[in-house]
Amino acid sequence: MTKKLLFVVRALPYKTEASRLALTHAIASQSVEIYLEDGDLVEATIAFIGDGVLNCHKDQQAMKHYGITPIEGHMKNTLLLDMKVMICKEDLDEFGLTEADLLMDADDIGGEVKAQIVPFGEIAKEMESVDHLLFC
Amino acid sequence: MADLKSQTPTQTLDVLGRVCPYPLVLTKKALEKIPSGGILKILCDAPASAEDSVPRFAQDKGYPIEVVKLENSWELYIQKT
């Protein structure tokens, strides 16, 4: 049986650990099958909505401004692990952000999937389809 | 058991410098792509992955595995069956 998780990230990328923890937990969830019943799997999806879409901004200057590593590495690792990453189009529009402003792939580290900019309705459908919904 | 390390690997996966859970998840991903019977060689320096999670995964799947401890890292050989 496959258990589906959806991490809905609403937190800003910095001054809180919420978004970083969401990505870390989503990544970690991909290894738990070794502790589950034979054949059980966990599939994690990540959706960025509201202020959370700012996590997807590329060329973040976290080290310069906050002295910490940027969220970008975590973002790339989710794509490297083939996780589905959804970014809310309406919220990007609110911030005046376009695809050109965002980290959409992890080509440089061997990633094969891309983040998807989708209308909120698609994220809402995903919310209804999963077994566990985690807001961060 | 076949001596996996003496055979030419189908693919080599370098996860040196990566910590758990990346070695395991990238191993799973690599194994999905190699044909049945193929051998995946994994270069790893994360103890928890090399000694626990990756061997446990291979055993759960029924894939033969050999783990070779080097000075500061491990080589793991998994045959996809």
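When chain B is described by a simple charge dipole with +1 on each Lys and Arg Cβ and -1 on each Asp and Glu Cβ, the residue from B:N72, B:G17, B:A30 located farthest towards its positive end is B:A30.
3J(HN,Hα) along region B:73-81, derived from phi through the Karplus expression 6.51 cos²θ - 1.76 cosθ + 1.60 where θ = phi - 60°, amounts to 7, 9, 10, 10, 10, 10, 9, 6, 10 Hz, with x in place of Gly and Pro. With the highest mean first, a sort of the peptides A:129-135, A:111-117 on other beta-carbon atoms found within 10 angstrom per residue produces A:111-117, A:129-135. A simple spin-label model places pseudo-atoms 7 Å from Cα toward Cβ; at A:A62 and A:L12 they are separated by 1.5 nm. Its relative contact order, with pairs defined as Cα atoms under 8 Å and 6+ residues apart, puts region A:2-135 at 30 percent. Based on the alpha-carbon gyration tensor of region A:80-131 and its eigenvalue square roots a ≥ b ≥ c, which shape applies: rounded if a/c is under 1.5, prolate if not and a/b is larger than b/c, or oblate? Here region A:80-131 falls in the oblate category. In chain B, Cα pairs under 8 Å separated by at least six residues give a relative contact order of 35 percent. Annotation: amide H of B:Y63 has no partner in the under-5 Å range at sequence separation 5 or more or interchain, hydrogens built in the peptide plane. Phi angles across region A:118-133 convert, under the Karplus curve 6.51 cos²θ - 1.76 cosθ + 1.60 with θ = phi - 60°, into 3J(HN,Hα) values of 9, x, 4, x, 5, 5, 4, 4, 4, 4, 6, 8, 8, 7, 9, 10 Hz, Gly and Pro given as x. In this structure, the pairs whose alpha-carbon distance is over 24 Å, taken from A:K84/B:K29; A:K3/A:K84; A:K84/B:K80; A:K114/B:K80; A:K15/A:K64; A:K84/A:K125, are A:K84/B:K80; A:K114/B:K80. Backbone phi angles across region B:15-26, fed through the Karplus curve with coefficients 6.51, -1.76 and 1.60 (θ = phi - 60°), yield HN-Hα couplings of 10, 4, x, 9, 9, 3, x, 4, x, 5, 5, 6 Hz in residue order; Gly and Pro are listed as x. Here region A:11-64 is treated with +1 on each Lys and Arg Cβ and -1 on each Asp and Glu Cβ, and its dipole about the Cα centre works out to around 580 debye. Multiplying the residue separation of A:A28 and A:K84 by 0.36 nm and removing their Cα-Cα distance gives an extension gain of 18.7 nm. When +1 charges are put on Lys and Arg Cβ atoms and -1 charges on Asp and Glu Cβ atoms, the dipole computed for chain B relative to its Cα centre reaches about 320 debye.
Run the dipole for chain A about the Cα centre, Lys and Arg Cβ at +1, Asp and Glu Cβ at -1, nothing else charged, and hand back the magnitude in debye, nearest 20. Rounded to the nearest 20 debye, it is 440 debye. Applying a DSSP loop filter and a limit of 12 other Cβ atoms within 10 Å to the GluC sites (Glu not before Pro) in chain B leaves B:E71. Distance from the Cα centre of region A:57-132 to that of region B:1-42, in angstrom? For region A:57-132 versus region B:1-42, the Cα centre distance is 28 Å. Just name one of A:L23, A:L80, A:I68: the one whose Cα is farthest towards the positive end of the charge dipole of chain A (beta-carbon charges, Lys/Arg +1, Asp/Glu -1). Comparing the listed Cα positions along the dipole, A:I68 ranks first.
Read-outs throughout are calculated quantities, based only on the coordinates presented, and are distinct from any laboratory measurement. None of these values were measured; they are calculated from a predicted model. Cβ atoms come from the backbone with ideal geometry, glycine included; neighbour counts cover every protein chain shown.
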